[in-house]
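The next block holds one structure in the form of structure tokens; read it before the comments.
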Amino acid sequence: AGESTSIMPLTTDFTAAETYIGGVETNILKIQGTDFLNGITTVADKFKNVAKGSRKVVLLSDGEDNEGNEKAAIDEALRQGITINSVGIGKDDGAPIPIYEFGQLMGYKTDILGETIITKRQTEALMSLAFDTNGEYVDGNDMEAAVNKIVLQLRNQKGASETLVN
């Protein structure tokens, strides 16, 4: 919610992308949470040399925008010619947020009182981000099926090139 960062260059080298993505852990960001507008602004900067019709994003999220910037993010994506394909992670009825260190489950996130934080997937927000930017929404809880759907969607969407950004 407080920051957004790019962890890898745009690339079609899927092996390099897998290496970068494999190293991602939630603790790399000091301030936790989600700010869709901040993320789209970072992506837009990354896409500055990519034709507007080719700017595609795959957004993996529970859909909870802690800053309330969903509409502003959609407007910025449209202004920048970015298509958002969203993948909903989590459960609509809520679940604790796991903490992983080096791929091993270490427990669940807690608030300042030590209570386990429950996050609820905001499917409507994720659908809005996707559909309002001419993208697609995919339920990400079946990861293999989600990956196949996203790859198919990216191939079928208009644009001169395919770019996967996580």
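Values computed for the structure shown
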{"item": "Residues with amide H under 5 Å from that of Tyr108, placed H, sequence gap 5 or more", "result": "Ile99"}
{"item": "Inter-part distance where region 84-145 and region 57-77 are each reduced to a Cα centre, Å", "result": "13 Å"}
{"item": "Considering only region 74-166, percent of DSSP beta bridges that pair antiparallel, nearest 5", "result": "70 percent"}
{"item": "Three-way shape label, the chain, alpha-carbon gyration tensor, a/c 1.5", "result": "prolate"}
{"item": "Residue-level accessible surface for Tyr100, protein heavy atoms, 1.4 Å, Å²", "result": "110 Å²"}
{"item": "Sequence ranges 34-44, 106-116, ranked by mean other-Cβ count within 10 angstrom, highest first", "result": "34-44, 106-116"}
{"item": "Cα-based Lys proximity count in region 1-127, under 26 Å, for pairs eight or more positions apart or on separate chains", "result": "18"}
{"item": "Computed over region 4-100, Cα set: Rg, Dmax in Å", "result": "14.2, 41"}
{"item": "Total charge dipole magnitude, region 73-166, about the Cα centre, Cβ charges on Lys, Arg, Asp, Glu only, Debye to nearest 20", "result": "240 debye"}
{"item": "Helical mean residue ellipticity (222 nm; -39500 (n - 2.57) per DSSP H run of 4+; nearest 500) of the chain", "result": "-10000 deg cm²/dmol"}
{"item": "Dipole magnitude of the chain, debye to nearest 20 (Cβ charges: Lys/Arg +1, Asp/Glu -1, about Cα centre)", "result": "680 debye"}
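The values are calculated or read from the model by the stated rules, or taken from the named source; none is laboratory data. Model, not experiment: these values are computed from the prediction. Reconstructed Cβ throughout: ideal geometry from the backbone, glycine too, with neighbour counts over all protein chains shown. Accessible surface is based on the protein model in full, side chains and every heavy atom, while ligands, DNA and RNA are left aside. Shrake-Rupley method; radii C 1.70, N 1.55, O 1.52, S 1.80 Å.
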